[in-house]
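Working notes, structure below.
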Amino acid sequence: MKNDQLILFAMNEKGLAVLETVLDEFPSLLRTVIGAHDRSLTRDYYDEIAAHCRRHDVPFYDRQNAPPIDTPYAIAVGWRWLIDAPNCCLIIFHDSLLPRYRGFNPLVTALIKGDTEIGVTALLATNRFDQGEIVARRSRPIRYPIKIQQAIDEIRHDYQGLMRDIAGTLNASRPLVGTPQDESQASYSLWRDEEDYLIDWSAPAAEVRRFIDAVGTPYKGAASYVDGRLVRILDAEEVDDVSIANRTAGKVLFMEDRRPIVVCGSGLLKINEIILDETGQSFLPLPRFRVRFHGAQGGAPEEENGGGADIPHTRPPRGKSN
C-alpha cells in the first residue's frame, strides 16, 4: 500500500494508545492526526497526543482548523463529532460490543448495568450512527468492583489490538470486509450531562456503588447535594444491611472510622472519599451526623442534635438493628 494513506481522529487516552501503536508498527501509513479537547474529562490527553505527533514529525491539527480529508482511509477513536468524509472509508472505534450500546458513553453504561464482558468494535461509518458493518471487535471479561479507569486501562489493549489488525490489513493492501449487525440485538446508550452525575439513592447499594465507580476519574465523579452544596463521591463500598423500620434513602445511619454509612433503597453504602465540587477539598469528616444526601439541589440543614442522645455514631453488632 502507498504511504500516508490514513488520517487519525484521536481523543483521550484510547486515542493516544491507538496513535502509539500505528506510529510504532506502521508509521508510513499515517499522514495526519486531528485532535480535540474534551472538557468533560479531568484529563483529556490532548497535549500528549500533540506531543507524540511532534516527536514523530507527524502533522497534528486541532479539529477547529483541520484540513479536508483527502486520504482513502480515516479512523476515529473517542471522537464526539460528525466527520464529513464522503470519499473516504471511515472506520469508527466504539467501546462496546455492537450492536449493544450504540451511541454515547457505552463503557460507562456497561459498568453501571453490571455487564461481565466489555470490549471494542471497529465498524464502517454510515449516515446512521454506530449501525455500520462490523470490521472487527475484541472483548474481555471483567469482575466487580471495577472503576472506570481500570476498565479503560484494560480495553486500551483491545484498541491497540484492533489498530494493529486493521493497519496490517491496509499495509498489505487487503480489503476491509465488514459484517452486518444483527438489528434484533441492538440497544442504545444515551448521551450524559451534568444531571446524569447525580446519585439515585433509592437504587440498591450495589447499583449505587457501580454508578460511583463508573463515573469517577477521568470523569467528574458521582454527585449529590448536602445542604444545597454539590459534593462528589469518589469511592464507596457496600456494607451489611440492617433492618430499618422507616428506611429513607440518602440519610446517614452510622459513622464508622469517621466515614458515613448511607441508607440506599436496599442495602447500605460506606462513603470512603467525598469532596466539595467547588473546591476539590475533602468533605470528610461530615459537618455533623444528621446529614441527608439529596439527588437534587435543595434540602434544609438538619438540626445538629435534635434533642436526641441516642444518635448512633458507630454501627451496632452485625445482624442487629438499631
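The values are calculated or read from the model by the stated rules, or taken from the named source; none is laboratory data. Everything numeric in this text was worked out from a predicted model, so none of it was measured. As a convention, Cβ positions derive from the backbone with ideal geometry for all residues, glycine included, and neighbour counts pool all protein chains shown. What goes into the accessible areas is simple: the full protein's heavy atoms, side chains included, and nothing from ligands, DNA or RNA. Shrake-Rupley method; radii C 1.70, N 1.55, O 1.52, S 1.80 Å.
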Sole exception among (1) touching a strand residue (DSSP E or B) at 6+ places or on another chain (Cβ under 8 Å); (2) basic (K, R); (3) over 22 Å from K14 (Cα atoms) for R174, by number
(1)
Only one of (1) closer than 23 Å to P287 by Cα; (2) under 17 Å from the mean Cα position of the chain (by Cα) fails for F211. Which number is that?
(1)
Of the candidates R54, R80, the one satisfying the condition of being surrounded by fewer than 20 Cβ atoms within 10 Å (Cβ to Cβ) and under 23 Å from S28 (Cβ atoms) is R54
Applying the selection to segment 23-33, what residues are assigned to a strand (DSSP E or B) and surrounded by fewer than 20 Cβ atoms within 10 Å (Cβ to Cβ)?
R31
Every residue from segment 288-298 that is open to solvent by less than 80 Å² (accessible area, probe 1.4 Å) and touching a residue at least 40 places away in the same chain (Cβ under 8 Å):
V291, R292, F293, H294, G295, A296, G298
Just to be sure I understand, how many residues within segment 1-22 are within 24 Å of S173 (Cα to Cα), in a helix (DSSP H, G or I) and open to solvent by 10 Å² or more (accessible area, probe 1.4 Å)?
1
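For segment 121-137: of the residues being surrounded by fewer than 18 Cβ atoms within 10 Å (Cβ to Cβ) and of a type outside the set (S, T, N, Q), which is nearest to G161 (Cα to Cα)? Write out each step before concluding.
Taking segment 121-137 first, the residues surrounded by fewer than 18 Cβ atoms within 10 Å (Cβ to Cβ) are 124, 126-129, 131, 133.
With of a type outside the set (S, T, N, Q) added as a condition, the list becomes 124, 128-129, 133.
Details: L124: 17, R128: 26, F129: 23, E133: 19 Å.
Applying the filter and picking the extreme gives L124.
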Can you pull out the residues in segment 211-225 that are surrounded by 22 or more Cβ atoms within 10 Å (Cβ to Cβ) and not in a loop (DSSP other than H, G, I, E, B)?
F211, I212, D213, A214, A222, S224
Take A167 and tell me if it is farther than 20 Å from I83 by Cα, of a type in the set (A, V, I, L, M, F, W, C) and modelled with pLDDT under 95.
yes
Of (1) within 22 Å of D24 (Cα to Cα); (2) within 24 Å of the chain's Cα centre (by Cα), S187 satisfies every one except (1)
Given the criteria farther than 30 Å from F129 by Cα and at pLDDT 95 or above, does L190 qualify?
no
Give me the pairs, please: first residue somewhere in segment 101-113 and farther than 15 Å from D196 by Cα, second residue anywhere and hydrophobic (A, V, I, L, M, F, W, C) and open to solvent by 20 Å² or more (accessible area, probe 1.4 Å), beta-carbon distance under 8 Å, and either six or more positions apart or on two chains.
R102/F129; R102/A186; G103/F129; G103/L190; G103/W191
Filtered residues of segment 244-293 (kept if among the aromatic types (F, W, Y) and under 25 Å from the mean Cα position of the chain (by Cα)):
F283, F293
Of the residues S173, S184, S202, S189, which single one is of a type outside the set (D, E) and in contact with a Ser or Thr (Cβ under 6 Å, 6 or more places away or on another chain)?
S189
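Quick grid of which residues meet (1) touching a residue at least 40 places away in the same chain (Cβ under 8 Å); (2) under 16 Å from the mean Cα position of the chain (by Cα):
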{"residue": "E154", "(1), (2)": "no, yes"}
{"residue": "G161", "(1), (2)": "no, no"}
{"residue": "G168", "(1), (2)": "yes, no"}
{"residue": "D182", "(1), (2)": "yes, no"}
{"residue": "D193", "(1), (2)": "no, yes"}
{"residue": "D200", "(1), (2)": "yes, no"}
{"residue": "A205", "(1), (2)": "yes, no"}
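When you scan segment 79-144 for strands (runs of 3 or more DSSP E) that lie fully inside it, which ones turn up with 2 or more residues that are touching a Leu at 6+ places or on another chain (Cβ under 9 Å) and either under 22 Å from P68 (Cβ atoms) or of a type in the set (F, W, Y) (or both)?
89-94
Is at least one residue of segment 112-120 farther than 18 Å from Y144 by Cβ and open to solvent by 20 Å² or more (accessible area, probe 1.4 Å)?
No, segment 112-120 contains no residue that is farther than 18 Å from Y144 by Cβ and open to solvent by 20 Å² or more (accessible area, probe 1.4 Å).
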Scan segment 34-49 for residues that are surrounded by 18 or more Cβ atoms within 10 Å (Cβ to Cβ) and within 12 Å of E20 (Cα to Cα) and report the count.
1
Within segment 37-61, work out how many residues are on the phi < 0 side of the Ramachandran plot and either part of a loop (DSSP other than H, G, I, E, B) or aliphatic (A, V, I, L, M) (or both).
14
